[in-house]
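Report on one structure; see the data block that follows.
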Amino acid sequence: MSELKRFTREEIQNRNSKQDAVFIIDNEVYNVTSFLDDHPGGHEVLLNVAGKDASEDFDDVGHSSDAKDLMKKYRIGELVDEDKVELKKRHFNWEEYNKENSKNSFISSWKFPVVLGLLMTVLYTYLFG
Ligand code: HEM
């Protein structure tokens, strides 16, 4: 495998031909020239995004983990720090979810109906007992 390089977005923007097809996915730079004819999604989609940031298009397709493994083979480097973007969180964050949810946990947990039931019993006994 060749040495990994740092690229600017500007350097990549003209590399959009069949002879030299390079794009960016998640701040990493891929040279897919030799992959064009082998891509199961066809060479046209790859050429459409060559020279550009293909992160969203790549993600929209919902590529398999096999595809994500395969792309390592075509990685030639990454963007220089100044050209990097902050990556969107794509994976579901259970920690955040639980933290959010614990705010209303009293109402939604089993405790609320039990306490309500006890209160009603006491009230009923007091009024009609
Ligand atoms: C190095 C980068 C890429 C690799 C290694 C790759 C690999 C693959 C593989 C293995 C598949 C077969 C389905 C799967 O396993 O998910 C696939 C399908 C596909 N890919 Fe890619 N892909 C790359 C980049 C892209 C990009 C940038 C786009 C869009 C611009 C794209 C669009 C598609 C489409 C449309 C399909 C067909 C999906 C279908 O028929 O259901 N791919 N790709």
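Using Cβ point charges alone (K and R +1, D and E -1), the dipole size of the chain about the Cα centre works out to roughly 680 debye.
At a 1.4 Å probe, what is the % contribution of carbon and sulfur to the accessible area of the stretch 5-83? Carbon-and-sulfur percentage of accessible area, whole number: 44. Protein heavy-atom accessible surface, 1.4 Å probe, per residue over the chain: 77 Å². Applying a DSSP loop filter and a limit of 13 other Cβ atoms within 10 Å to the trypsin sites (Lys or Arg not before Pro) in the stretch 29-92 leaves Lys88, Lys89, Arg90. Using 0.36 nm per residue and subtracting the Cα-Cα separation, the extra length available between Glu44 and Lys5 on full extension is 11.4 nm.
Kindly provide log₁₀ I(q)/I(0) values, in the same order as q = 0.18 Å⁻¹, from the Debye equation applied to equal alpha-carbon scatterers of the chain. The Cα Debye sum returns log10 ratios of -0.97.
Within the chain, the longest run free of GluC sites (Glu not before Pro) that sit in a DSSP loop with at most 15 other Cβ atoms within 10 Å is 4-85. The mean sequence separation of alpha-carbon pairs under 8 Å and at least six residues apart, normalised by the residue count of the stretch 1-116, gives a relative contact order of 32 percent. Here's the list of lysines a cross-link from Lys84 could span, going by alpha-carbon distance under 29 Å and ignoring same-chain residues fewer than 8 apart: Lys5, Lys18, Lys52, Lys68, Lys72, Lys73.
The values are calculated or read from the model by the stated rules, or taken from the named source; none is laboratory data. From a predicted model like this one, the values you see are computed outputs, not experimental measurements. In this analysis, Cβ positions are derived from the backbone assuming ideal geometry, glycine residues included, and neighbour counts consider all displayed protein chains. With ligands, DNA and RNA removed, areas are computed over all heavy atoms of the protein, side chains included. Shrake-Rupley method; radii C 1.70, N 1.55, O 1.52, S 1.80 Å.
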